[in-house]
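The values are calculated or read from the model by the stated rules, or taken from the named source; none is laboratory data. Note that the structure is a prediction, hence the values are computed from the model and not measured. Virtual Cβ from ideal backbone geometry, glycine too; neighbours counted across all protein chains shown. When the accessible area is computed, the model is the full protein with side chains, heavy atoms only, and any ligands, DNA or RNA have been set aside. Shrake-Rupley method; radii C 1.70, N 1.55, O 1.52, S 1.80 Å.
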Amino acid sequence: MQAKVYNQPAKEVGTLELKDFLFGFKWNADLVHQVMLAERSNQRQTTAKVKARGEVRGGGKKPWQQNGTGRARHGSIRSPLWRKGGVTHGPTTDKVFEKKINKKAGAKAIATVLSEKLKDHEVLFLDTLSFADHKTKQAVSLFTDFSKVKEFSKLGQKGGKTLIMAPQYDTNMIRATRNLKGISVKDARMVQVLDLLSYKFLMIPKDTIEVLEKRLGRK
């Protein structure tokens, strides 16, 4: 399986041989959906929190004696029955939403999404991608050049959100693109299925492919 390779001025400079275990999978909606839901659950934070009766301030003294008053028996004014008392069965930070993702299943899901995007002509391969400094005008120039290529004319524009998969954390690349709407940069070692599905196009330098091969367990 071969794909076109472009340089930064958006000129075709050759072809790239792609491995089947990265870009040769058939679409598996059930697997991708399962992994995506697990990733969303793992990102979920337990921010909602209420106080139980043991956490509410006050209520150390019994409001009145047990017998002889004609009133119902109570042991604390911080009982859930009382106003300003503790809350019963409310949300706490003890709940864990994390779901385990099988390593092989996660790797296959990533490769499945990559394969589908390649099939839909939504993956752009570059021989190299680097910015001498963190100037936004360099990134603007890059996407302006690729707007002249028919397959990638909507790259980075409205309806064409683009994810640049860098081989490693690149400060200059992140700074150069952070002010451009619809364009993001992420280390390929940290990319998840949810990231791939959130963007229309993927921009992948050749160095990144080696990182993906190593990450997915094959060289």
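Observations
- Cβ-placed point charges (K, R +1; D, E -1), dipole of region 105-219 about Cα centre in debye, nearest 20: 260
- Per residue accessible area in Å² of region 40-92, where ligands, DNA and RNA are left out and the probe is 1.4 Å: 83
- Nearest-ten-degree value, helix 103-119 long axis tilted from longest Cα axis of the chain: 50
- Most mobile listed residue (K135, K186, K108) in the chain, GNM with C-alpha springs under 10 Å: K135
- In loop segments of region 67-139 as defined by DSSP, the chymotrypsin sites (Phe, Trp or Tyr not before Pro) with at most 15 further C-beta atoms inside 10 Å of their C-beta are W82, F97.
- Estimated FRET transfer efficiency when R0 is 25 angstrom, pair S141-K4 (beta carbons, to 0.05): 0.75
- GNM flexibility winner over the chain from P205, P91, P167 (Cα, springs under 10 Å): P91
- Alpha-carbon centroids, region 171-208 and region 42-56: separation in whole Å: 34
- Approximate spin-label separation W27-R73, in nm, with each point projected 7 Å along Cα-to-Cβ: 6.7
- Think of each Lys and Arg Cβ as +1 and each Asp and Glu Cβ as -1; about the Cα centre, that makes the dipole of the chain roughly 1780 debye.
- Residue among R83, R175, R53 with the largest mean-square fluctuation in a Gaussian network model of the chain, springs linking Cα atoms under 10 Å: R83
- The mean of 1/r over all distinct Cα pairs in region 159-212, once inverted, gives the Kirkwood hydrodynamic radius of 11.2 Å.
- Residue pairs, from the table K49/K200; K26/K135; K4/K161; K104/K148; K108/K148, whose Cα atoms sit over 30 Å apart: K49/K200; K26/K135; K104/K148; K108/K148
- Options [x] 12.6; [y] 18.0; [z] 22.1 - which one matches mean projected area of the Cα convex hull in nm² as calculated here: [y]
- Only Lys, Arg, Asp and Glu carry charge here, each on its Cβ (+1 for the first two, -1 for the last two); on that basis region 1-53 has a dipole of about 640 debye about its Cα centre.
- Relative contact order %, the chain, counting alpha carbon pairs below 8 Å whose residues are six or more apart: 23
- Ligands, DNA and RNA left out, the accessible area of the chain computed with a 1.4 Å probe is 48% carbon and sulfur.
- Share, in percent, of DSSP beta bridges within the chain that are antiparallel, nearest 5: 25
- Region 123-219: proportion of alpha-carbon pairs further apart than 24 angstrom, %: 15
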